[in-house]
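Visitor: This is the structure I want to talk about, given as C-alpha coordinates.
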Amino acid sequence: MVSSIVPQTDLESFQAHLNQSTRILALLGAGLSASSGLPTFRGVGGMWRTHDATALATPQAFEANPGLVWQFYSYRRHMALKAKPNPAHYALAELARKKTDFITLSQNVDGLSPRAHHPPSQLKLLHGSLFDVKCSDFFCRYIARNIYTDPIVPALAIPTDESDPTTTSALARELDISDENVDLPEVDYSHLPQCPQCERGILRPGVVWFGEALPSSVMNDVDAYIEKNEKIDLIMVIGTSAKVYPAAGYVDTARSKGARVAIINMDPNDVPAAGLHKGDWFFQGDAAKIVPELLK
Ligand code: BV8
(Lines give C-alpha, C1' and ligand atoms only; values in the text may rest on other atoms or scores of the structure.)
Protein backbone atom coordinates (compact mmCIF):
# COMPACT_ATOMS: atom_id res chain seq x y z
CA MET A 1 0.00 0.00 0.00
CA VAL A 2 1.65 3.25 -1.15
CA SER A 3 -0.83 5.66 0.43
CA SER A 4 -0.19 7.30 3.80
CA ILE A 5 -3.86 6.76 4.53
CA VAL A 6 -4.52 3.40 6.17
CA PRO A 7 -7.85 2.27 4.75
CA GLN A 8 -10.46 0.45 6.75
CA THR A 9 -10.55 -3.27 6.16
CA ASP A 10 -13.35 -4.32 8.47
CA LEU A 11 -16.49 -5.88 7.10
CA GLU A 12 -18.72 -4.51 9.85
CA SER A 13 -18.21 -0.83 9.12
CA PHE A 14 -18.63 -1.47 5.40
CA GLN A 15 -21.84 -3.46 5.85
CA ALA A 16 -23.25 -0.87 8.24
CA HIS A 17 -22.64 1.81 5.61
CA LEU A 18 -23.99 -0.37 2.77
CA ASN A 19 -27.20 -1.08 4.67
CA GLN A 20 -27.93 2.60 5.13
CA SER A 21 -26.88 3.50 1.56
CA THR A 22 -29.41 4.24 -1.16
CA ARG A 23 -27.47 5.60 -4.12
CA ILE A 24 -24.65 3.17 -4.83
CA LEU A 25 -22.29 2.73 -7.79
CA ALA A 26 -19.94 -0.10 -8.67
CA LEU A 27 -17.09 0.21 -11.20
CA LEU A 28 -16.17 -3.26 -12.45
CA GLY A 29 -12.97 -4.38 -14.18
CA ALA A 30 -11.39 -7.54 -15.50
CA GLY A 31 -10.34 -8.69 -12.02
CA LEU A 32 -14.00 -9.45 -11.29
CA SER A 33 -13.90 -12.17 -13.96
CA ALA A 34 -10.41 -13.46 -13.17
CA SER A 35 -11.79 -16.30 -11.04
CA SER A 36 -14.07 -17.23 -13.93
CA GLY A 37 -10.87 -18.03 -15.80
CA LEU A 38 -10.67 -14.94 -18.01
CA PRO A 39 -7.29 -13.19 -18.05
CA THR A 40 -7.04 -9.58 -16.98
CA PHE A 41 -5.33 -7.00 -19.17
CA ARG A 42 -2.45 -5.52 -17.26
CA GLY A 43 -1.69 -7.61 -14.25
CA VAL A 44 0.43 -10.76 -14.01
CA GLY A 45 -0.62 -13.02 -16.90
CA GLY A 46 -2.54 -10.07 -18.28
CA MET A 47 -3.59 -10.19 -21.89
CA TRP A 48 -2.19 -6.87 -22.92
CA ARG A 49 1.17 -8.20 -21.75
CA THR A 50 1.20 -10.58 -24.72
CA HIS A 51 -0.44 -8.06 -27.00
CA ASP A 52 0.16 -4.37 -27.42
CA ALA A 53 -3.33 -3.02 -26.77
CA THR A 54 -2.95 -0.50 -29.58
CA ALA A 55 -2.04 -3.36 -31.93
CA LEU A 56 -5.39 -5.03 -31.44
CA ALA A 57 -7.98 -2.70 -29.88
CA THR A 58 -8.14 0.41 -32.07
CA PRO A 59 -10.09 1.29 -35.23
CA GLN A 60 -6.76 1.72 -37.03
CA ALA A 61 -5.71 -1.84 -36.18
CA PHE A 62 -9.02 -3.15 -37.53
CA GLU A 63 -8.63 -1.08 -40.68
CA ALA A 64 -5.10 -2.39 -41.17
CA ASN A 65 -5.74 -6.07 -40.42
CA PRO A 66 -9.38 -6.94 -39.73
CA GLY A 67 -8.58 -10.66 -39.87
CA LEU A 68 -6.05 -10.43 -37.05
CA VAL A 69 -8.29 -8.28 -34.87
CA TRP A 70 -11.23 -10.60 -35.51
CA GLN A 71 -9.08 -13.63 -34.59
CA PHE A 72 -8.26 -11.94 -31.26
CA TYR A 73 -11.90 -11.15 -30.53
CA SER A 74 -13.13 -14.51 -31.75
CA TYR A 75 -10.74 -16.14 -29.28
CA ARG A 76 -12.02 -13.93 -26.44
CA ARG A 77 -15.66 -14.63 -27.38
CA HIS A 78 -14.90 -18.35 -27.30
CA MET A 79 -13.18 -18.18 -23.90
CA ALA A 80 -15.89 -15.94 -22.43
CA LEU A 81 -18.61 -18.35 -23.58
CA LYS A 82 -16.75 -21.22 -21.90
CA ALA A 83 -16.42 -19.20 -18.68
CA LYS A 84 -19.17 -18.98 -16.08
CA PRO A 85 -20.25 -16.08 -13.88
CA ASN A 86 -18.70 -16.41 -10.40
CA PRO A 87 -20.32 -15.71 -6.99
CA ALA A 88 -19.36 -12.03 -7.22
CA HIS A 89 -21.34 -11.54 -10.45
CA TYR A 90 -24.38 -13.11 -8.77
CA ALA A 91 -23.95 -11.14 -5.53
CA LEU A 92 -23.89 -7.85 -7.44
CA ALA A 93 -27.02 -8.85 -9.36
CA GLU A 94 -28.73 -9.73 -6.07
CA LEU A 95 -27.80 -6.34 -4.58
CA ALA A 96 -29.25 -4.61 -7.65
CA ARG A 97 -32.55 -6.39 -7.08
CA LYS A 98 -32.60 -5.22 -3.45
CA LYS A 99 -31.34 -1.67 -4.03
CA THR A 100 -32.96 -0.22 -7.15
CA ASP A 101 -30.82 2.93 -6.95
CA PHE A 102 -27.65 0.84 -7.30
CA ILE A 103 -26.08 1.16 -10.76
CA THR A 104 -23.21 -1.01 -12.01
CA LEU A 105 -20.70 0.55 -14.41
CA SER A 106 -18.88 -2.35 -16.06
CA GLN A 107 -15.75 -2.01 -18.18
CA ASN A 108 -16.00 -5.74 -18.87
CA VAL A 109 -17.12 -6.95 -22.28
CA ASP A 110 -17.20 -10.65 -21.32
CA GLY A 111 -20.96 -10.95 -20.89
CA LEU A 112 -20.70 -12.53 -17.43
CA SER A 113 -22.74 -9.91 -15.55
CA PRO A 114 -25.71 -10.26 -17.96
CA ARG A 115 -25.40 -14.07 -17.65
CA ALA A 116 -25.61 -13.65 -13.85
CA HIS A 117 -29.04 -12.07 -14.44
CA HIS A 118 -27.91 -8.60 -13.40
CA PRO A 119 -31.00 -6.40 -13.91
CA PRO A 120 -30.27 -4.86 -17.35
CA SER A 121 -31.55 -1.38 -16.43
CA GLN A 122 -28.98 -1.26 -13.62
CA LEU A 123 -26.01 -2.54 -15.66
CA LYS A 124 -24.17 -0.03 -17.86
CA LEU A 125 -21.66 -1.66 -20.22
CA LEU A 126 -19.22 1.22 -20.68
CA HIS A 127 -17.04 -0.60 -23.20
CA GLY A 128 -19.69 -2.57 -25.06
CA SER A 129 -19.82 -6.35 -25.38
CA LEU A 130 -17.96 -9.13 -27.16
CA PHE A 131 -21.42 -10.40 -28.15
CA ASP A 132 -22.54 -7.30 -29.99
CA VAL A 133 -21.49 -6.73 -33.58
CA LYS A 134 -21.87 -3.64 -35.74
CA CYS A 135 -21.15 -2.64 -39.30
CA SER A 136 -17.74 -1.04 -39.86
CA ASP A 137 -19.05 0.98 -42.81
CA PHE A 138 -19.19 4.65 -41.80
CA PHE A 139 -22.64 5.22 -43.31
CA CYS A 140 -24.29 2.03 -42.08
CA ARG A 141 -25.90 1.94 -38.66
CA TYR A 142 -26.38 -1.83 -38.44
CA ILE A 143 -25.89 -3.30 -34.96
CA ALA A 144 -26.86 -6.72 -33.62
CA ARG A 145 -26.83 -7.65 -29.94
CA ASN A 146 -26.45 -10.98 -28.09
CA ILE A 147 -24.86 -12.84 -30.99
CA TYR A 148 -23.52 -15.97 -29.27
CA THR A 149 -22.68 -17.99 -32.39
CA ASP A 150 -19.20 -19.46 -31.86
CA PRO A 151 -17.26 -19.11 -34.12
CA ILE A 152 -19.15 -16.18 -35.54
CA VAL A 153 -18.05 -17.37 -39.01
CA PRO A 154 -16.21 -20.62 -39.85
CA ALA A 155 -13.00 -18.82 -40.83
CA LEU A 156 -12.65 -17.59 -37.22
CA ALA A 157 -12.74 -20.99 -35.56
CA ILE A 158 -10.30 -21.29 -32.64
CA PRO A 159 -7.32 -23.70 -33.01
CA THR A 160 -8.14 -27.06 -31.47
CA ASP A 161 -5.67 -26.49 -28.63
CA GLU A 162 -7.66 -23.34 -27.80
CA SER A 163 -4.53 -21.24 -27.82
CA ASP A 164 -4.93 -17.60 -28.70
CA PRO A 165 -4.15 -17.57 -32.44
CA THR A 166 -2.93 -14.00 -32.26
CA THR A 167 -0.08 -14.48 -29.85
CA THR A 168 2.95 -15.13 -32.00
CA SER A 169 4.27 -17.56 -29.39
CA ALA A 170 1.11 -19.65 -29.68
CA LEU A 171 1.39 -19.62 -33.43
CA ALA A 172 5.14 -20.26 -33.31
CA ARG A 173 4.40 -23.32 -31.14
CA GLU A 174 1.89 -24.55 -33.68
CA LEU A 175 4.24 -23.93 -36.62
CA ASP A 176 7.11 -25.27 -34.53
CA ILE A 177 9.28 -22.23 -35.32
CA SER A 178 10.94 -19.90 -32.85
CA ASP A 179 10.89 -16.77 -34.99
CA GLU A 180 8.80 -14.26 -33.06
CA ASN A 181 8.19 -12.35 -36.27
CA VAL A 182 6.10 -15.16 -37.62
CA ASP A 183 3.40 -13.90 -39.97
CA LEU A 184 -0.06 -14.79 -38.75
CA PRO A 185 -2.27 -16.67 -41.20
CA GLU A 186 -4.36 -14.15 -43.11
CA VAL A 187 -8.13 -14.54 -42.83
CA ASP A 188 -9.55 -13.70 -46.21
CA TYR A 189 -11.60 -10.48 -46.08
CA SER A 190 -14.48 -12.23 -47.86
CA HIS A 191 -14.58 -14.86 -45.08
CA LEU A 192 -15.08 -12.25 -42.34
CA PRO A 193 -18.63 -11.55 -41.09
CA GLN A 194 -20.39 -9.40 -43.70
CA CYS A 195 -23.02 -6.75 -42.93
CA PRO A 196 -26.45 -8.18 -43.84
CA GLN A 197 -27.93 -4.68 -44.06
CA CYS A 198 -25.70 -2.61 -46.34
CA GLU A 199 -23.90 -5.63 -47.88
CA ARG A 200 -20.84 -3.38 -48.27
CA GLY A 201 -19.09 -3.36 -44.93
CA ILE A 202 -17.76 -6.12 -42.74
CA LEU A 203 -19.03 -6.45 -39.19
CA ARG A 204 -16.77 -5.56 -36.25
CA PRO A 205 -16.87 -6.47 -32.57
CA GLY A 206 -19.33 -4.24 -30.67
CA VAL A 207 -16.69 -3.10 -28.16
CA VAL A 208 -15.28 0.38 -27.55
CA TRP A 209 -11.72 0.62 -28.87
CA PHE A 210 -9.06 3.04 -27.68
CA GLY A 211 -9.74 6.43 -29.20
CA GLU A 212 -13.46 5.70 -29.59
CA ALA A 213 -16.21 7.41 -27.65
CA LEU A 214 -18.15 5.35 -25.14
CA PRO A 215 -21.74 4.58 -26.23
CA SER A 216 -23.69 7.84 -25.96
CA SER A 217 -26.86 6.12 -24.70
CA VAL A 218 -24.86 4.56 -21.86
CA MET A 219 -23.04 7.79 -21.07
CA ASN A 220 -26.33 9.74 -21.00
CA ASP A 221 -27.81 7.25 -18.52
CA VAL A 222 -24.76 7.42 -16.27
CA ASP A 223 -24.55 11.20 -16.45
CA ALA A 224 -28.26 11.52 -15.64
CA TYR A 225 -27.79 9.30 -12.57
CA ILE A 226 -24.74 11.23 -11.35
CA GLU A 227 -26.15 14.70 -12.06
CA LYS A 228 -29.22 14.14 -9.90
CA ASN A 229 -29.12 16.63 -7.09
CA GLU A 230 -28.64 13.91 -4.48
CA LYS A 231 -25.50 12.59 -2.89
CA ILE A 232 -24.01 9.26 -3.84
CA ASP A 233 -23.47 7.12 -0.74
CA LEU A 234 -20.93 4.55 -1.95
CA ILE A 235 -18.87 3.44 -4.93
CA MET A 236 -17.36 -0.03 -4.99
CA VAL A 237 -14.28 -0.30 -7.24
CA ILE A 238 -13.96 -3.99 -8.02
CA GLY A 239 -11.08 -5.69 -9.86
CA THR A 240 -9.91 -2.74 -11.91
CA SER A 241 -6.55 -1.05 -12.29
CA ALA A 242 -8.59 2.13 -12.89
CA LYS A 243 -6.20 3.23 -15.62
CA VAL A 244 -8.67 3.57 -18.49
CA TYR A 245 -10.62 6.79 -18.92
CA PRO A 246 -13.27 8.12 -18.86
CA ALA A 247 -14.39 4.98 -16.90
CA ALA A 248 -11.79 5.42 -14.14
CA GLY A 249 -12.89 9.02 -13.70
CA TYR A 250 -16.17 7.89 -12.14
CA VAL A 251 -14.39 7.12 -8.87
CA ASP A 252 -13.54 10.78 -8.30
CA THR A 253 -16.88 11.91 -9.67
CA ALA A 254 -18.66 9.72 -7.12
CA ARG A 255 -16.37 11.01 -4.37
CA SER A 256 -17.24 14.58 -5.36
CA LYS A 257 -20.90 13.65 -4.81
CA GLY A 258 -20.16 12.50 -1.27
CA ALA A 259 -19.50 8.83 -1.92
CA ARG A 260 -17.28 6.73 0.29
CA VAL A 261 -15.03 4.40 -1.71
CA ALA A 262 -14.53 0.66 -1.21
CA ILE A 263 -11.80 -0.96 -3.29
CA ILE A 264 -11.70 -4.71 -3.83
CA ASN A 265 -8.47 -5.74 -5.51
CA MET A 266 -5.92 -8.51 -5.46
CA ASP A 267 -3.05 -6.01 -5.56
CA PRO A 268 -2.69 -3.67 -2.57
CA ASN A 269 -0.97 -1.15 -4.82
CA ASP A 270 -3.79 -0.87 -7.32
CA VAL A 271 -5.66 2.12 -6.02
CA PRO A 272 -7.25 4.80 -8.23
CA ALA A 273 -4.94 7.59 -9.39
CA ALA A 274 -6.25 9.99 -6.75
CA GLY A 275 -5.20 7.53 -4.04
CA LEU A 276 -7.03 6.63 -0.88
CA HIS A 277 -8.99 9.03 1.29
CA LYS A 278 -9.80 8.83 4.99
CA GLY A 279 -12.76 6.51 5.47
CA ASP A 280 -12.08 4.45 2.34
CA TRP A 281 -12.11 0.70 2.56
CA PHE A 282 -9.58 -1.56 0.88
CA PHE A 283 -10.32 -5.29 0.80
CA GLN A 284 -7.40 -7.21 -0.64
CA GLY A 285 -8.03 -10.55 -2.33
CA ASP A 286 -10.10 -12.35 -4.92
CA ALA A 287 -13.27 -10.46 -5.79
CA ALA A 288 -15.09 -13.77 -6.33
CA LYS A 289 -14.62 -14.52 -2.62
CA ILE A 290 -14.71 -11.06 -1.05
CA VAL A 291 -17.69 -9.48 -2.86
CA PRO A 292 -20.26 -12.11 -1.80
CA GLU A 293 -19.04 -11.69 1.81
CA LEU A 294 -19.31 -7.91 1.66
CA LEU A 295 -22.81 -7.93 0.14
CA LYS A 296 -24.28 -10.57 2.45
C1 BV8 B 1 -11.99 7.86 -25.32
C2 BV8 B 1 -12.76 -2.79 -24.76
C3 BV8 B 1 -12.35 9.86 -26.50
C4 BV8 B 1 -11.97 -3.47 -25.81
C5 BV8 B 1 -11.29 -1.24 -23.58
C6 BV8 B 1 -8.57 10.86 -20.38
C7 BV8 B 1 -9.90 11.06 -20.74
C8 BV8 B 1 -10.45 10.36 -21.81
C9 BV8 B 1 -9.68 9.45 -22.54
C10 BV8 B 1 -8.36 9.27 -22.19
C11 BV8 B 1 -7.81 9.96 -21.13
N12 BV8 B 1 -6.51 9.57 -21.02
C13 BV8 B 1 -6.24 8.64 -21.97
C14 BV8 B 1 -7.33 8.46 -22.71
C15 BV8 B 1 -7.41 7.55 -23.84
C16 BV8 B 1 -7.83 6.15 -23.46
C17 BV8 B 1 -7.22 5.65 -22.19
O18 BV8 B 1 -7.85 5.73 -21.13
N19 BV8 B 1 -6.02 5.10 -22.28
C20 BV8 B 1 -5.38 4.54 -21.10
C21 BV8 B 1 -4.62 3.28 -21.49
C22 BV8 B 1 -4.50 5.61 -20.51
N23 BV8 B 1 -9.27 6.07 -23.38
C24 BV8 B 1 -9.94 5.83 -24.51
O25 BV8 B 1 -9.44 5.72 -25.61
C26 BV8 B 1 -11.46 5.71 -24.37
N27 BV8 B 1 -12.07 6.53 -25.37
O28 BV8 B 1 -11.51 8.44 -24.41
O29 BV8 B 1 -12.49 8.45 -26.44
C30 BV8 B 1 -13.32 10.32 -27.51
C31 BV8 B 1 -14.37 11.14 -27.11
C32 BV8 B 1 -15.26 11.58 -28.07
C33 BV8 B 1 -15.12 11.18 -29.41
C34 BV8 B 1 -14.08 10.32 -29.77
C35 BV8 B 1 -13.17 9.89 -28.83
C36 BV8 B 1 -11.93 4.30 -24.64
C37 BV8 B 1 -11.36 3.34 -23.65
C38 BV8 B 1 -11.98 1.95 -23.83
C39 BV8 B 1 -10.96 1.03 -24.41
N40 BV8 B 1 -11.52 -0.32 -24.46
N41 BV8 B 1 -11.86 -2.45 -23.67
C42 BV8 B 1 -11.45 -4.80 -25.34
O43 BV8 B 1 -11.78 -5.23 -24.20
O44 BV8 B 1 -10.72 -5.43 -26.13
S45 BV8 B 1 -10.30 -0.92 -22.25
C46 BV8 B 1 -9.88 -2.34 -21.41
O47 BV8 B 1 -9.26 -1.86 -20.21
C48 BV8 B 1 -11.02 -3.20 -20.91
O49 BV8 B 1 -12.31 -2.69 -21.17
C50 BV8 B 1 -10.82 -3.22 -19.42
O51 BV8 B 1 -11.96 -3.43 -18.74
C52 BV8 B 1 -10.28 -1.88 -19.24
C53 BV8 B 1 -9.71 -1.53 -17.93
O54 BV8 B 1 -8.85 -2.56 -17.51
P55 BV8 B 1 -9.24 -3.33 -16.16
O56 BV8 B 1 -10.61 -3.88 -16.31
O57 BV8 B 1 -8.99 -2.46 -15.00
O58 BV8 B 1 -8.25 -4.54 -16.21
P59 BV8 B 1 -6.72 -4.54 -15.77
O60 BV8 B 1 -6.12 -5.80 -16.27
O61 BV8 B 1 -6.11 -3.23 -16.14
O62 BV8 B 1 -6.77 -4.58 -14.17
C63 BV8 B 1 -7.29 -5.71 -13.52
C64 BV8 B 1 -7.28 -5.38 -12.04
O65 BV8 B 1 -7.85 -6.46 -11.32
C66 BV8 B 1 -5.87 -5.18 -11.47
O67 BV8 B 1 -5.90 -4.08 -10.60
C68 BV8 B 1 -5.61 -6.48 -10.69
O69 BV8 B 1 -4.79 -6.25 -9.55
C70 BV8 B 1 -7.00 -6.85 -10.26
N71 BV8 B 1 -7.27 -8.28 -10.07
C72 BV8 B 1 -6.75 -9.32 -10.78
N73 BV8 B 1 -7.32 -10.47 -10.34
C74 BV8 B 1 -8.22 -10.14 -9.38
C75 BV8 B 1 -8.19 -8.74 -9.20
N76 BV8 B 1 -8.97 -8.10 -8.31
C77 BV8 B 1 -9.81 -8.85 -7.56
N78 BV8 B 1 -9.91 -10.20 -7.68
C79 BV8 B 1 -9.12 -10.87 -8.57
N80 BV8 B 1 -9.22 -12.23 -8.67
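Visitor: At 1.4 Å probe radius, can you tell me the per residue accessible area of the chain in Å²?
Guide: For the chain, the per-residue accessible area is 47 Å².
Visitor: Additional query: For all pairs of alpha-carbon atoms in the stretch 243-296, what percent lies in each bin of width 5 Å, listed from the first bin to the last filled one?
Guide: 4, 17, 27, 24, 20, 6, 0
Visitor: Using modelled amide H (1.01 Å from N, peptide plane; none on Pro or chain starts), what sits under 5 Å from the amide H of Arg260, excluding residues fewer than 5 places away?
Guide: Long-range HN contacts for Arg260: Leu234, Ile235.
Visitor: Based on Cβ point charges of +1 for Lys and Arg and -1 for Asp and Glu, what charge dipole magnitude is obtained for the stretch 63-140 about its Cα centre, in debye rounded to the nearest 20? Each step should come with its number before you reach the end.
Guide: On the way: 10 positive and 6 negative charges, 75 e Å.
Dipole magnitude for the stretch 63-140 comes out near 360 debye.
Visitor: Starting from a Cα-only point model with no solvent, please compute log10 I(q)/I(0) by Debye for the stretch 54-127 at q = 0.12, 0.21, 0.23, 0.27 1/Å.
Guide: -0.43, -0.88, -0.96, -1.15
Visitor: Between Phe283, Gln107, Gln71, whose Cα lies farthest towards the positive end of the dipole of the chain when Lys and Arg beta carbons carry +1 and Asp and Glu beta carbons carry -1, centred on the Cα centre?
Guide: Final value for the positive-end residue is Phe283.
Visitor: Another question, then. Which residues' amide hydrogens lie under 5 Å from the amide hydrogen of Gly128, considering only partners 5 or more residues apart or on another chain, with H built in the peptide plane?
Guide: HN-HN under 5 Å from Gly128: Val208.
Visitor: Roll a 1.4 angstrom probe over the protein heavy atoms and tell me the percent of accessible area of the chain that is carbon or sulfur.
Guide: Accessible surface attributable to carbon and sulfur in the chain totals 54 percent.
Visitor: Three principal axis extents, largest first, for the C-alpha atoms of the chain, in Å?
Guide: Principal extents (Cα only, largest first): 57, 43, 29 Å.
Visitor: Work out the FRET efficiency for Asn220 and Tyr245 from their Cβ-Cβ distance, taking R0 = 25 Å, and round it to the nearest 0.05.
Guide: 0.90
Visitor: Given the Cα-Cα distance of Gln284 and Tyr142 and 0.36 nm per residue of separation, how much length would full extension add, in nm?
Guide: Roughly 46.9 nm would be gained on extension.
Visitor: Given labels modelled 7 Å from the Cα in the Cβ direction, how far is it in nm from Phe210 to Ala273?
Guide: Placing both labels 7 Å beyond Cα along the Cβ direction yields 1.5 nm.
Visitor: What do you reckon, how do Glu230, Glu63 stack up by accessible area (1.4 Å probe), largest on top?
Guide: In descending accessible area the options line up as Glu63, Glu230.
Visitor: Calculate the dipole size of the chain relative to its Cα centre from +1 charges on Lys and Arg beta carbons and -1 charges on Asp and Glu beta carbons; express the result in debye to the nearest 20.
Guide: 1220 debye
Visitor: Related question: What's the FRET efficiency of Tyr189 with Leu81 using the Cβ-Cβ distance as r and R₀ = 22 Å, to the nearest 0.05?
Guide: According to the calculation, E is roughly 0.30.
Visitor: How about Lys278: which lysines have a C-alpha closer than 22 Å to its C-alpha, ignoring those fewer than 8 places off in the same chain?
Guide: Lys231, Lys243, Lys257
The values are calculated or read from the model by the stated rules, or taken from the named source; none is laboratory data. Just so it is clear, the model here is predicted, and its values are computed rather than measured. Cβ: placed from backbone, ideal geometry, glycine included. Neighbour counts: every protein chain shown. Accessible surface is based on the protein model in full, side chains and every heavy atom, while ligands, DNA and RNA are left aside. Shrake-Rupley method; radii C 1.70, N 1.55, O 1.52, S 1.80 Å.
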